[in-house]
Amino acid sequence: MGFKTPDHYFGSLDAAIFSRMEEANLSSKIDCSGFKVPDGYFENLDGKIFGSIEKEETSKIASLFSWKKAAYLTGIAASVILIFNILSNTSDELTFEDLETASIESYLMNEDLNAYDIAPYLGSNEINPDDFVKTTIKTSDIEDYLLQNSDVESLITD
Amino acid sequence: MDSEFELVNRLRSEPTKELAFKELISLYKERLYWHIRNIVRSHDDADDVLQNTFIKVFRNIHSFKGESKLFSWMYRIATNEALTQLNQNAKRNLLSLEDYQQQTIDNLKADVYFEGNEIQLKLQRAIATLPHKQQLVFNMKYFQDIKYSEMSEILETSEGALKASYHIAVRKIEKFLTKN
């Protein structure tokens, strides 16, 4: 005849027929999930999605703006402190200490400093060992945590 | 495939992306919604996840490589977002994922967006006893009648494995319904 079948077709045919029968039996009892949606939900969905996108973009701009505003206001405040110190000083001479404090404050507020930048200038008497919490975590506790938290898998798979 | 290629190009181009995105939402919103709803069960959660899915698609369209169909890629994002939502809700309620799923089914009785009867509630309980991936396979085949070839692309599993998984799921569910 010239026709041919896939490999092992007839061997798996019984299983396929019985599976179809089981599915047909199930769907004769239950043909839908029972879930429903609010009226007009799909019609109004576009507006909600675009609204969320716009809201996200506006809040990104606002947070950038408020950071810049804070930096700007801090700079003004530091300048005001400096001017006030200069003007309120009864002595005719402006001392190095007056300038130093105000300019140091301004520098500290405006420069992007991290802990490593400041650490060399801290004496050991300024650091209290009690401020550092010593925590030892047992290996068995880590294992228990990993076993109980199934979404850790998402950290190690795509 | 050409029309999909053209749609992706329009989604990536600044002057045309908004209109193209509206078209994309219109094409896929219902299918994606029902896929998500079958996972999270609550309409409010499904609504959140669906919106997050479309926003992620909008933001990441440039990273879509075209190795699979656009729909498969979106479906994958929707699945991951839905599973993340479930896990987050379970943690927030200090429950295991299995216990949280049972809780969502208990809540269906009083849910205005569930019009099912006792047998449909039992079916949900039966589905919740399956391994997570098998739940996905069952929902996608039984309720959405997704072809195995499409499912294979979405779940990155062979068609043969999916067929076997589905038929095992049907058998387990039949057993559960008979026993209960």
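Readers should treat all values here as calculations from the given coordinates under stated rules, not as data from a laboratory. Note that this is a predicted model, so its numbers are computed, not measured. Here the Cβ positions follow ideal geometry from the backbone for every residue, glycine too, while neighbour counts run over all protein chains shown.
The stretch between B:D145 and B:T84 holds 19.6 nm of extra length on full extension. This uses 0.36 nm per residue minus the Cα-Cα distance. Exceedance of the 22 Å cut-off in Cα-Cα distance is limited, within the set A:K55/B:K56; B:K91/B:K163; B:K147/B:K179, to B:K91/B:K163; B:K147/B:K179. So what's the angle, to the nearest 10 degrees on a 0 to 90 scale, between helix B:159-179 and the longest Cα principal axis of chain B? Taking Cα atoms only, the helix is inclined about 30 degrees. Here is the tail figure for segment B:116-180: Cα pairs spaced more than 13 Å apart come to 61 percent of all pairs.
Computed from the Kirkwood radius of its Cα pairs, the Stokes-Einstein diffusion coefficient for segment B:1-115 at 20 °C and 1.002 mPa s stands at 140 µm²/s.
Calculated mean residue ellipticity at 222 nm for chain B: -25500 deg cm²/dmol, from DSSP H runs with n ≥ 4 weighted as -39500 (n - 2.57), summed, divided by the residue count and rounded to 500. Look at B:D99, B:D47 and count the other Cβ atoms within 10 Å of each Cβ; fewest to most, that gives B:D99, B:D47. Exposure proxy for B:F176, A:F10: other Cβ atoms within 10 Å of each Cβ, ordered fewest to most, give A:F10, B:F176. Summing Lys and Arg as +1 and Asp and Glu as -1 over all other residues whose Cβ lies under 12 Å from the Cβ of B:Y100 gives a net charge of -1. Taking other C-beta atoms within 10 Å as the exposure proxy, B:L11, B:L19, B:L27 rank B:L19, B:L27, B:L11 from fewest upward. Compute the FRET efficiency between A:S28 and B:K133 as 1/(1 + (r/R0)^6), taking r as their Cβ-Cβ distance and R0 = 35 Å, and round to the nearest 0.05. Using R0 = 35 Å, I get an efficiency of 0.85. Here r is the Cβ-Cβ distance between B:R12 and B:L94 and R0 is 51 Å; the resulting FRET efficiency, rounded to 0.05, is 0.75.
Sites listed here are chymotrypsin sites (Phe, Trp or Tyr not before Pro) in segment B:57-146 whose DSSP assignment is loop and whose Cβ has at most 14 other Cβ atoms within 10 Å, and the list is empty.
With the simple model of a label 7 Å out from the Cα in the direction of the Cβ, A:F18 to B:N60 spans 4.2 nm.
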